[in-house]
Amino acid sequence: MNKISSISEYNEEYQKSIENPEQFWQDKASTFKWRSKWNKVLSWDFNTPKVEWFIGGKLNITENCLDRHLELKSDKIAIIWEPNNPEEATIKITYKELYKRVSTFSNVLKSHGAKKGDRICLYMPMVPELAIATLACARIGAVHSVVFAGFSAKALAERIDDAKCNILITSDGLFRGDKELCLKAIADTALNNCNSIKSCIVLKRTGEKVTMLENRDYWWHEEILKVNDSCSAEIMDSEDPLFILYTSGSTGKPKGVQHHCGGYMVYAEYSFRNVFQYEENDIYWCTADIGWITGHSYIIYGPLLAGATTIMFEGIPTYPDAGRFWDICDKHQVNIFYTAPTAIRALQAYGTKVLKKYSLNSLKTLGSVGEPINEEAWQWYHKNIGKEKCAIVDTWWQTETGGILISPLAHITKTKPTFATLPLPGIQPCLVNSEGIEIKGNGVQGNLCLKFPWPSMIRTIYGDHKRCKEVYFSTYKGMYFTGDGCKRDEDGLYRITGRVDDVINVSGHRIGTAEVENGINEHPLVIESAVVGFPHPIKGQGIYAYIILENSSISEDKLVTEILETVKNEIGSIAKPDKIQFVGGLPKTRSGKIMRRILRKIAEGSLSNMGDTSTLLDPLVVDQIIKNSK
Ligand code: WT7
């Protein structure tokens with residue numbers, strides 16, 4: 001069943017996967033339903049780059065998520081949906097119902113002209129229909145592009161335009177804690193500036209009044225009545241695209257990371273089963289949003305491929321109070337719980353008294369993802385949530401990797417706080433120095449790369465293959481570069497130390513400094529800005545913005561408010577700076593490059609040693625900034 005059950009077996013499997021990767025992955029892939037088998041397992045070249053898995057194989061991922069389970073598990077619960085407001089009813093959807101609802105919605109998409117290869121954008125709350133629509137796209141061979149519902153109209157429009165989506169699926173509004181957001185109004189603003197969208201399908205969630213444009217906007221509940229509930233799955237090539245998901249980099253606009261059908265399917269299931277040591281009838285809950293890769297791989301695809309019961313939660317950890325996560329764990333007898341360090345730290349701040357009401361006895365395995373987990377949060381999670389009997393799996397991966405690459409296997413790998421520990425079978429990490437030379441041996445530190453392909457790795461950046469090559473395959477020749485720094489301890493265990501590029505990780509969300517700067521610069525009174533990350537007790541990293549303003553009579557407080565509003569409109573609330581400092585100048589080299597290293601030090605509050613400042617154009621600027629730092 002593709003599941004490792006001891007550390008010696010892990011070692012054996014790992015060995016096999018390195019010695020004969022093709023045989024290894026061929027064995028894993030053969031447990032799935034393929035319409036026809038591949039004729040070659042792997043072909044790769046990191047210079048082009050071109051990576052292909054299970055070449056010539058034909059399949060549809062939804063037949064593996066749904067149809068395949070109907071014989072034995074049709075009445076098993078596939079999705080448990082927990083609403084934002086605990087007083088609203090939970091919804092449970094069986095595999096058979098999910099199959100029917102996905103088929104129905106597939107027919108709706110088809111009735112709007114959708115076909116294989118089209119891009120379809122989803123901008124929705126965390127409701128079952130989001131999973132249904134995602135799977136419906138996959139069923140008809142359309143490429144889904146899920147955009148997190150916290151992004152602004154402008155960010156949504158950019159993503160729709162970039163992928164030239166022809167259908168948008170959204171909802172009237174969404175509930176988040178005690179807030180309500182009118183998604184359709186945001187979508188309308190976005191659509192005013194996009195011309196590729198022909199149909200917009202709107203789910204009724206909050207019931208608030210929305211404007212429906214004739215011949216463009218259609219209600220979900222009306223559309224599903226017009227079609228039947230059977231839809232045969234489109235037969236896809238293993239290397240046909242499955243989805244695009246936008247993520248930020250150190251420069252430029254967000255990149256549409258593209259994943260393909262066959263390899264993604266095999267790795268999503270394999271990693272899910274092994275990392276969490278999923279056992280039949282476990283109740284599994286990942287608290288991420290489907291707008292991020294964690295939600296794609298470990299709320300939808302991984303668990304459904306494994307025939308598991310997956311929980312989808314609409315709300316936030318602190319609504320109606322800070323016990324909500326634990327309330328849901330007890331209510332549904334959750335066995336495997338997967339969340340982000342930022343959530344753990346936020347809940348930790350409420351103290352352990354809140355926990356007294358809950359037994360948490362059903363929990364076996366606790367996961368962490370999205371950012372380095374600090375020792376204190378690790379211990380708190382282990383002691384207070386895991387009661388010292390649960391395995392903690394600190395899972396390292398990225399949007400581009402499609403699945404978890406470095407992580408303990410629950411209850412199998414010996415854990416070490418703050419360490420993601422060991423690579424999964426098939427994964428060949430290596431540390432390199434700044435010259436790109438591999439650093440061998442243990443007790444070392446370097447930049448984290450991967451030197452061999454794995455099935456769910458990024459295939460391209462939508463519409464910009466050149467950028468894919470530049471960003472990931474050009475820094476170090478012949479290797480995929482992750483952008484992360486990493487240590488390997490004396491025992492060969494890996495610890496991710498954080499990004500080494502201009503990417504900030506705010507509450508597990510990846511934000512490019514350039515993107516935030518561009519947002520800030522949209523304010524008419526901003527001349528120039530520089531953004532860096534700084535250590536934040538809850539968010540992991542916060543955003544610190546240094547801004548040069550034009551002269552004006554407007555108060556600084558008012559300008560701060562306006563700038564935050566600008567960033568919210570340009571990107572979304574997640575990109576709003578935590579600290580803004582207005583400065584007279586920025587530390588630049590003679591060639592005009594901003595010395596971010598210095599700005600980072602100031603933002604961290606380590607003001608004593610600025611390092612080498614001899615190349616600065618005007619060293620006095622630094623003294624000025626330090627004097628007024630926040
Ligand atoms: C970046 C990827 C992959 C799911 C969510 C984030 C950081 C992720 C860990 C971890 C230390 C981690 C890295 C990585 N990261 N997981 N367990 N320990 N750092 O996906 O938005 O693509 O971000 O998140 O810096 O490069 P993403």
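The values are calculated or read from the model by the stated rules, or taken from the named source; none is laboratory data. Quick caveat, the model's predicted, so the values are computed rather than measured. Here the Cβ is made from the backbone with ideal geometry for all residues, glycine too, and neighbour counts use every protein chain on show. Each accessible area value is taken on the protein alone, full model and side chains, heavy atoms only, with ligands, DNA and RNA left out. Shrake-Rupley method; radii C 1.70, N 1.55, O 1.52, S 1.80 Å.
Per-structure values
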| item | result |
| --- | --- |
| Normalised contact order of the chain, rounded percent, pairs of Cα under 8 Å and 6 or more residues apart | 12 percent |
| Antiparallel bridges, percent of DSSP beta bridges restricted to the chain (to nearest 5) | 60 percent |
| Whole-number accessible area per residue in Å² for the chain, which is evaluated in the context of all protein chains at 1.4 Å | 38 Å² |
| Using θ = phi - 60° and Karplus 6.51 cos²θ - 1.76 cosθ + 1.60, couplings along region 10-27 (whole Hz; Gly, Pro as x) | 4, 4, 5, 4, 4, 3, 4, 5, 8, 6, 9, x, 5, 4, 4, 6, 4, 4 |
| From phi via Karplus (6.51, -1.76, 1.60), per-residue ³J(HN,Hα) for region 245-255 in Hz, x at Gly/Pro | 9, 7, 9, 8, x, 6, 10, x, 7, x, 9 |
| Share of carbon and sulfur in the accessible heavy-atom surface of region 1-115 [1.4 Å probe, %] | 47 percent |
| Carbon/sulfur fraction of accessible area - region 507-628, other protein chains in place, 1.4 Å, % | 50 percent |
| Principal axis dimensions, region 243-370 - Cα atoms, whole angstrom, descending | 45, 38, 21 |
| Cα shape, region 404-458, gyration tensor, a/c 1.5 rule | oblate |
| Theoretical gain in end-to-end length, TRP44 to ASP75 [0.36 nm per residue, Cα-Cα removed] | 7.0 nm |
| Proximal aspartates and glutamates to LYS40, defined as alpha-carbon separation beneath 16 angstrom and excluding residues fewer than eight positions away on the same chain | GLU22, ASP27, GLU52, ASP237, GLU239, ASP240 |
| Global geometry of region 507-628, whether rounded, prolate or oblate, following the gyration tensor of its Cα atoms and the 1.5 cut on a/c | oblate |
| Contact order relative to length of region 507-628, as percent, for alpha carbon pairs under 8 angstrom and 6 or more apart | 24 percent |
| Over 18 Å between alpha carbons, listed pairs LYS33/LYS73; LYS198/LYS466; LYS353/LYS383; LYS33/LYS76; LYS50/LYS469; LYS154/LYS576 | LYS198/LYS466; LYS33/LYS76 |
| Those lysines that a straight Cα-Cα span of less than 16 Å connects to LYS487, excepting residues fewer than 8 apart in one chain | LYS416, LYS440 |
| Reachable lysines from LYS601, criterion Cα separation under 20 angstrom, eight or more residues apart if same chain | LYS539, LYS579, LYS588, LYS593, LYS627, LYS630 |
| In Hz, Karplus ³J(HN,Hα) per residue of region 562-570 (6.51, -1.76, 1.60; θ = phi - 60°; x = Gly, Pro) | 5, 5, 4, 5, 4, 5, 4, 6, 6 |
| Burial ranking of peptide ranges 53-66, 410-423 (average Cβ count within 10 Å, highest at the top) | 53-66, 410-423 |
| DSSP beta bridges in region 40-181 [antiparallel fraction, %, rounded to 5] | 60 percent |
| Three-way shape call for the chain based on the alpha-carbon gyration tensor, with the a/c threshold at 1.5 | rounded |
| Amide H contacts under 5 Å for THR94, placed H, 5+ residues apart | ALA78 |
| Sum of -39500 (n - 2.57) over DSSP H runs of 4+, divided by residues of the chain (222 nm, nearest 500) | -7500 deg cm²/dmol |
